[in-house]
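Every number here is computed from the coordinates shown, using simple stated rules; none is lab data. Keep in mind it's a predicted model, so treat the numbers as computed, not measured. Neighbour counts run over all protein chains shown; Cβ positions are idealised from the backbone, glycine included.
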Amino acid sequence: MDILRSVALFVTAAIAEIGGAWLVWQGVREHKGWVWMGCGIIALGLYGFVATLQPDPHFGRILAAYGGVFVAGSLAWGMGFDRFRPDRYDIAGAVICLVGVAVIMYSPRTG
């Protein structure tokens, strides 16, 4: 059950961080204004909070693993919101990152 909770928290964090960064990008680069940027800043703050809810107590481990989730999530976000089409190298890199997440977070540990 901890693994399912952890995965759900990683997905939630990715939506908040990637979505927040995208909203700020839209506000600045696409000239959509302060409301978009403000919503992005709030979403980025929510990301920081969601990350603290992970069951593992180690900040470094959580953030390192989240890096892999961020890579894969960013490519998925681009596909969904910016008509980005990843090539085979993007996909291979994302898979490698997600394998890294699984190794970092869910490998059996002693002590």
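Assorted remarks:
- Cα long-axis angle, helix 2-29 against the chain (0 to 90 degrees, to the nearest 10): 20 degrees
- Here the mean projected area of the convex hull built on the C-alpha positions of the chain is 7.6 nm².
- Whole-Hz Karplus values for the stretch 65-82 come out as 5, 4, x, x, 5, 4, 4, 5, x, 5, 5, 5, 4, x, 5, x, 10, 10 Hz, taken residue by residue from phi with 6.51 cos²θ - 1.76 cosθ + 1.60 and θ = phi - 60°; glycine and proline positions read x.
- 3J(HN,Hα) along the stretch 43-55: 4, 5, x, 4, 4, x, 6, 4, 4, 6, 8, 4, x Hz, from the Karplus curve 6.51 cos²θ - 1.76 cosθ + 1.60 with θ = phi - 60°, whole Hz, x for Gly and Pro.
- Each residue of the stretch 94-107 was assigned a 3J(HN,Hα) from its phi angle through the Karplus expression (A = 6.51, B = -1.76, C = 1.60, θ = phi - 60°), giving 5, 5, 4, 4, 5, 5, x, 4, 4, 5, 5, 8, 10, 6 Hz with x at Gly and Pro.
- Sites D56 and A92, calculated FRET efficiency, Cβ-Cβ separation with R0 30 Å, nearest 0.05: 0.65
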